[in-house]
Amino acid sequence: MGRRRRRDEEVDPASDGAADAERRGLQSGLRSALRNQFPDRNRSNLLPVLHFLQHEHGYLPEWALQVVGWHLRVPASEIYGAATSYSELLLDPPRQLTIVVCTGLACWQAGGERLLAEAMQRADPGDVIGVSATACAFLCGLAPAVRINGAWRGRVDEGQLTAWMGNAAP
Ligand code: FES
């Protein structure tokens, strides 16, 4: 006779019949990897596990976070809380090119407004290039400042910006 599941027993997400075959396969593979890499299933492993996923996938896929919750017995709210507290952990797939334009006063006056408008206009809907703005990056002496794939550049002009964006275009 099979063992009956207790009412409060956690459900393995890989056994969810609504999940598609690919998702179940991915989750099953990750379960094995987590058992090998983090066998003690302790919640103190949450950040190491998230960094492991970030390293493996380049971001934290939603299907993988489900497995993390199951493996470490941690609620989703705690997982998302940790995942959103660290800028190096990404919940979305990384873009090929990420541009952040400083819109602080010094950069705005030095041409940041034009750079942001140009970048927004050239950003594509295919998720290859992501453009956003940020407050003062404390590089005011190098205004206008732009961060490209995590590295800040100073005294950026429109020619440089369009060259970066042109190289990343599909
Ligand atoms: S205003 Fe852009 S770095 Fe300070």
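Quick one: compute the contact order of region 13-83, relative version, from alpha carbon pairs under 8 angstrom and 6+ residues apart, as a percent.
34 percent
Remind me, what semi-axes does region 13-83 give for its equivalent ellipsoid, largest first in whole Å, using sqrt of 5 times each Cα gyration tensor eigenvalue? Walk me through the numbers before you get to the answer.
Numbers: eigenvalues 64, 32, 31 Å².
Semi-axis lengths for region 13-83 are 18, 13, 12 Å.
Compare the Cα positions of Phe38, Ile79, Gln66 along the charge dipole of region 13-83 (+1 at Cβ of Lys, Arg; -1 at Cβ of Asp, Glu; about the Cα centre) and return the one farthest towards the positive end.
Phe38
May I ask you to work out the translational diffusion coefficient for the chain at 25 °C, viscosity 0.890 mPa s, via Stokes-Einstein with Rh from the Kirkwood sum over Cα pairs, reported in whole µm²/s? Don't skip to the end; give the middle numbers.
Details: Rh = 18.7 Å.
Rounded, D is 131 µm²/s.
log10 I(q)/I(0), Debye, Cα-only region 117-170, no solvent, q = 0.14, 0.18, 0.20 Å⁻¹?
Those come out to -0.36, -0.60, -0.73, one per q.
What is the magnitude of the charge dipole of region 97-168 about its Cα centre, with +1 placed on the Cβ of each Lys and Arg, -1 on the Cβ of each Asp and Glu, and no other charges, expressed in debye to the nearest 20?
Details: 5 positive and 6 negative charges, 42 e Å.
Roughly 200 debye for region 97-168.
Going by amide H atoms built from the backbone, whose H comes under 5 Å of the H on Thr134, apart from near neighbours?
Val101, Cys102, Thr103
At 0.36 nm per residue, minus the direct Cα-Cα distance, what do Trp152 and His55 gain on full extension? Give it in nm, one decimal, please. Walk me through the numbers before you get to the answer.
On the way: separation 97, 0.36 × 97 = 34.92 nm, distance 2.27 nm.
Extending this stretch completely gives an extra 32.7 nm.
Can you list residues whose amide H is under 5 Å from Thr98's amide H, if they're 5+ apart or on another chain and H is modeled 1.01 Å from N?
Residues meeting the amide H criterion: Gly130, Asn149.
What ³J(HN,Hα) values, in whole Hz, does the Karplus curve 6.51 cos²θ - 1.76 cosθ + 1.60 give for region 75-81 when θ = phi - 60°, with x put for Gly and Pro?
x, 4, 4, 6, 5, 5, x
State the cysteines of the chain left without a partner when partners are defined as other cysteines whose beta carbon lies under 4.7 Å away.
Cys136, Cys140
For region 97-168, with the dipole built from +1 on Lys and Arg beta-carbon atoms and -1 on Asp and Glu ones, taken about the Cα centre, which of Trp152, Ala133, Leu115 lies farthest toward the positive end?
The listed residue farthest towards the positive side: Trp152.
Can you give the % of DSSP beta bridges in the chain that are antiparallel, to the nearest 5?
Details: 6 of 12 bridges.
Rounded to the nearest five, the antiparallel share is 50 percent.
Can you pull out the GluC sites (Glu not before Pro) in region 71-143 whose DSSP state is coil and whose Cβ has at most 11 other Cβ atoms within 10 Å? Write out the running numbers ahead of the final one.
On the way: sites: Glu78, Glu88, Glu113, Glu118; in loops: Glu88.
Qualifying residues, ordered by number: Glu88.
Values in this text are rule-based calculations from the coordinates and carry no lab data. None of these values were measured; they are calculated from a predicted model. Virtual Cβ from ideal backbone geometry, glycine too; neighbours counted across all protein chains shown.
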